[in-house]
1. Could you please give the count of residues in the range 153-170 that are polar (S, T, N, Q) and surrounded by fewer than 22 Cβ atoms within 10 Å (Cβ to Cβ)?
2. Can you confirm whether the range 212-234 contains a residue that is within 12 Å of the ligand (Cβ to nearest atom), open to solvent by 70 Å² or more (accessible area, probe 1.4 Å) and among the polar types (S, T, N, Q)?
3. Within the group A169, A113, A184, which residue is touching a strand residue (DSSP E or B) at 6+ places or on another chain (Cβ under 8 Å), within 16 Å of the ligand (Cβ to nearest atom) and modelled with pLDDT of 95 or more?
4. Inside the range 29-55, can you point out the residues that are away from the ligand (no atom under 15 Å from the Cβ) and either of a type in the set (K, R) or out of contact with any Asp or Glu (no Cβ under 8 Å at 6 or more places or on another chain) (or both)?
5. Please count how many residues of the range 69-110 are of a type in the set (A, V, I, L, M, F, W, C) and either crowded, with 20+ Cβ neighbours inside 10 Å or within 16 Å of the ligand (Cβ to nearest atom) (or both).
6. What are the residues in the range 171-192 that are over 15 Å from the mean Cα position of the chain (by Cα) and open to solvent by less than 10 Å² (accessible area, probe 1.4 Å), if any?
7. Need pairs with beta-carbon distance below 6 Å; first residue away from the ligand (no atom under 15 Å from the Cβ) and open to solvent by 10 Å² or more (accessible area, probe 1.4 Å) and within the range 1-28, second assigned to a loop (DSSP other than H, G, I, E, B) and modelled with pLDDT under 95; sequence gap 6+ or separate chains.
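The values are calculated or read from the model by the stated rules, or taken from the named source; none is laboratory data. Just so you know, these numbers come straight off a predicted model, no measurement behind them. Every residue, glycine among them, receives a Cβ derived from its backbone with ideal geometry; neighbour counts consider all protein chains shown. Surface areas here come from the heavy atoms of the whole protein model, side chains and all, with no ligands, DNA or RNA. Shrake-Rupley method; radii C 1.70, N 1.55, O 1.52, S 1.80 Å.
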Amino acid sequence: MRFQGQVAIVTGGAGGIGQASAKLLASQGARVVVADLNETVGQAVADSIRAAGHEASFHFVDVSSYESVESLVQYAVDTYGQLDIMFNNAGIFGDGSHNVIDLPIEEYKRTIAINQDGVFYGIKAAADAMKGAGGVIINTASIYAYIADKNQFPYHASKAAVVGMTKAAALELGRYNIRVVAIAPGMIDTGLIDAWRDDERVWNTIQKAHMRRKLGTAEQVANVVAFLASDEASFLNGHAYFVDDGAASFKR
Ligand SMILES: NC(=O)c1ccc[n+]([C@@H]2O[C@H](COP(=O)([O-])OP(=O)(O)OC[C@H]3O[C@@H](n4cnc5c(N)ncnc54)[C@H](O)[C@@H]3O)[C@@H](O)[C@H]2O)c1
């Protein structure tokens, strides 16, 4: 088993990408802490992993609070004795209705608090727990760290910061044998983009943004997350890896 004996935390574990990743890591031997704001769904994800014969538990986290993230990491170490894989994945998407001039300051701050501060807190707390034995930290960025869309100013800011933090943390944590990488997904068919689902014109545009005219699935992203967490990726460090069917490399 790829992750036998290892312990993983997945934030945003009740959502699409987090849920698929938690299930895949657990099915490959990891003991997984499913962490999310959403207790009902998060608990159900952990239950379904256990029902499939693997090890998992749910722990509440609000990634915009350092105390909450610190107690999540403490829970993993207290419960399972170690932490090997930290997937800082929880995130939100803005409502897409404000340009930068009209953007309410509070909306900007809320997105940064979850998408950016949350990843910083996850890196900080996980690295402290991993510094004795090493580990892997994976952060969820986005193609929107690299290409811009209208009315998503805070999302772009936060995801570009995730890429920057990934590089800086990889540089500082290499001495502890901690790898820090990021993923930059294209549009993935999860609840995050539900707001666009009912508008056929918008949905078609999103599909066409990918080279094979289809959105990605959470499982396709989870496969990359598991690869990055594994020893097969042992020379990958300090970069964000696109999981986007080429969406960020062609002109629309
Ligand atoms: N779906 C996409 O098209 C897409 C594309 C690029 C990047 N991403 C990124 O992937 C990550 C996962 O998104 P998803 O597509 O699975 O969306 P999702 O909405 O299905 O899952 C996000 C999860 O994060 C949780 N969450 C939100 N705020 C939180 C907080 N403060 N503390 C703890 N948990 C919180 C939610 O409860 C939810 O379960 C996000 O960082 C998102 O920005 C998604």
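1. Total satisfying the criteria: 0.
2. Yes, the conditions are met somewhere in the range 212-234.
3. The match here is A184.
4. Across the range 29-55, the qualifying residues are G29, R31, D47, R50, A51, A52, G53, H54, E55.
5. Of the residues in the range 69-110, 11 are of a type in the set (A, V, I, L, M, F, W, C) and either crowded, with 20+ Cβ neighbours inside 10 Å or within 16 Å of the ligand (Cβ to nearest atom) (or both).
6. I178
7. Sorted first by the residue in the range 1-28, then by its partner, the pairs are Q28/M1.
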